[in-house]
1. Going highest first, how would you order 559-571, 349-361 by mean Cβ packing within 10 Å?
2. Given Cα pairs under 8 Å that are at least 6 residues apart, what percent is the relative contact order of segment 212-314?
3. Among 465-472, 95-102, what's the highest-first ranking by average C-beta atoms within 10 angstrom per residue?
4. Reachable lysines from residue 37, Cα under 21 Å, same-chain residues fewer than 8 places away excluded?
5. Checking the table 413/587; 396/587; 138/206; 396/493; 396/581 against a 24 Å threshold on Cα-Cα, which pairs fail?
6. State the Cα centre-to-centre distance between segment 132-158 and segment 26-68 in whole Å.
7. Using the Karplus equation 6.51 cos²θ - 1.76 cosθ + 1.60 (θ = phi - 60°), what ³J(HN,Hα) coupling, rounded to whole Hz, does each residue of segment 327-334 give in order, writing x for Gly and Pro?
8. Place the peptides 72-78, 298-304 in order of packing, highest mean first, counting for every residue the other Cβ atoms within 10 Å and averaging per peptide.
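Laboratory data are not the source of any read-out in this text; all were calculated from the coordinates shown. Source: prediction; values computed, not measured. Here the Cβ positions follow ideal geometry from the backbone for every residue, glycine too, while neighbour counts run over all protein chains shown.
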Amino acid sequence: MTFLDTAVENQVVLERRYQGEHPFRTLWFLAAKERWKFVIASLLFLVKHSPVWVLPLLTANIINVVVGQLPLSQLWANMIILIVLLLQNIPMHFLYARMLSQAVRSIELNLRSSLVQRFQLLSIDYYKRMSAGVLQTKMVRDVETIETMIRQLFDSGAAAVSNMVGALIITAIRTPIFLLFFLIVVPISSFLITSLRRVLMERNQKFREYIERVAARTSEMTNMIPISRAHGLEENEIHRMEFTFLNLREAGLKLDISNAIFGSLLWVSFNLFSGICLIAAAWMAISGFGGITPGDVVMVTSYFTSISSALMALLSLTPVIIKGLESIRSLGEVFQSPDIELNLGKHKLDRVLGGFEFSEVTFRYPDGGHAAVHNFNLHIQPGETIALVGPSGAGKSTILNLAIGFIRPTSGKLFLDGQDMDALDLRSYRQFVSVVPQETVLFEGTIRENILYGLDQVEEDRIIVALQGANAFDFVMQLPKGLDSPVGERGSKLSGGQRQRLAITRALIRNPRVLILDEATSSVDTETESYIQQALANLMVGRTTLVAAHRLSTIRNADRIIVLDGGHIIEQGTHDDLISKAGFYAKLNQGDKPQ
């Protein structure tokens with residue numbers, strides 16, 4: 001399957017409406033291109049598994065040959081059939097496993113690829129509401145759970161169904177009188193066994209709750225160790241944990257006793273019904289009722305056990321199926337989420353100057369009370385550096401996110417180079433944008449791979465120039481492997497200042513027209529800040545720059561400083577102008593306090 005084929009198939013998955021649909025129907029839809037493989041796998045399974053439900057019939061035939069002194073040719077014929085059935089299992093099982101694996105792995109690939117596509121379409125606001133752990137669970141665990149359910153339905157479910165159907169069909173043909181006995185006794189025995197197991201499962205669940213309580217108390221104890229040790233409360237913690245352990249022991253004893261009692265009841269119940277089946281079949285054979293032979297006695301007894309076990313196997317699949325269906329619903333929620341950024345059919349940009357105009361812009365977060373910005377008006381010339389300052393919650397990050405296009409105005413208009421941004425394909429616009437966030441995002445790879453993320457071929461000289469412009473060249477060249485040095489998970493092998501300078505290098509090498517700096521020096525020390533300040537000065541030359549300032553010392557050379565409070569502009573001007581006004585900005589500047 002080519003990348004284009006996969007993309008087209010994923011688009012069909014994303015456009016599906018899953019709301020109100022039964023998860024099995026959803027699964028049937030998701031498996032559309034693999035259905036024929038599942039059909040072939042089912043037929044192969046039926047053939048390869050046939051020895052299990054044919055063996056009691058062959059055993060009955062052989063016993064009848066012995067007891068009835070029948071010709072030996074019948075013995076050899078049954079032996080040949082048995083050998084052929086057993087030997088065919090090897091190639092048929094291989095073909096079955098291969099066909100099933102191809103179908104399941106294709107569905108797995110399709111689901112994960114579709115999720116990645118949807119993740120890239122969902123709005124930034126969606127990711128603010130949804131934790132990364134939840135999305136990771138959907139990508140890994142939910143898909144894995146669906147895969148497990150499908151495999152269990154085939155491996156265990158198909159085996160149980162084929163055993164049960166095969167036993168019933170052969171019994172109906174060979175000893176039809178005994179079929180009525182099966183239809184009465186088997187459901188009764190299965191009901192009793194299921195009832196006993198349900199009680200046992202409840203006891204297991206309670207014991208698991210105590211285990212989880214111990215885990216929670218242990219985590220709490222380890223977190224409290226500095227407090228308990230500092231106040232001499234070690235004995236208190238020991239007593240608390242011992243009390244929890246005692247409760248766990250009592251629950252464990254009750255569970256062990258329950259396991260013993262119920263295990264014995266299950267064993268007696270199952271064997272009692274098997275004994276009844278054996279005695280009934282033997283009585284029929286002795287009395288001549290129903291034409292049952294001695295071999296049939298063994299056969300129907302074996303089939304009774306097989307049918308009962310098959311029913312129990314199907315019932316035991318219930319938790320797996322429930323988990324699988326919940327995972328299908330979980331993925332359906334993502335596929336169907338309306339919270340996406342709509343770019344299809346909108347105007348694509350091949351050139352950006354970097355002029356912005358906020359016209360009566362208001363934005364209110366879905367879960368927020370008051371508007372983050374309200375009737376906001378600001379005109380930004382191409383190449384101008386605009387600094388945004390103000391207390392926490394003033395609206396600085398909201399304005400940056402509006403400029404990037406991560407969020408759209410609740411009311412009002414935002415224009416880019418005179419064009420309404422609502423009419424633009426924001427993906428094409430962002431090719432001219434670079435963002436240097438407060439917390440640098442690096443992935444596990446080399447420095448070169450992180451700097452060139454999303455770029456194809458870049459000359460070495462261009463990389464060197466970008467590193468020098470970001471004041472990162474010296475520390476990178478001092479590393480053992482230079483540009484090819486690994487950064488570790490999330491850049492763990494580098495300091496905060498080094499990570500930030502790599503983020504600036506990543507921005508420089510793209511030569512953006514619009515630059516967004518979101519408190520880019522707030523988390524570094526003063527010495528590192530000076531390096532970053534020089535790098536940022538190089539980065540801002542000739543570009544429209546929006547800066548959310550944490551330290552006012554970083555934005556003194558901005559063309560305009562916009563002072564915000566409560567989503568409104570309360571002051572604006574150059575650093576010197578605002579200082580001379582002795583207003584809000586001047587008070588902030590007195591101590592250059594972080595805002």
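1. Per-residue mean Cβ counts within 10 Å order the peptides as 559-571, 349-361.
2. Computed value for segment 212-314: 18 percent relative contact order.
3. Final packing ranking: 465-472, 95-102.
4. Partners found: 48.
5. 413/587; 138/206; 396/493
6. First find each Cα centre; the distance between them is then 25 Å.
7. 5, 4, 4, 4, 5, x, 4, 6
8. Highest-to-lowest ranking by the protection proxy: 298-304, 72-78.
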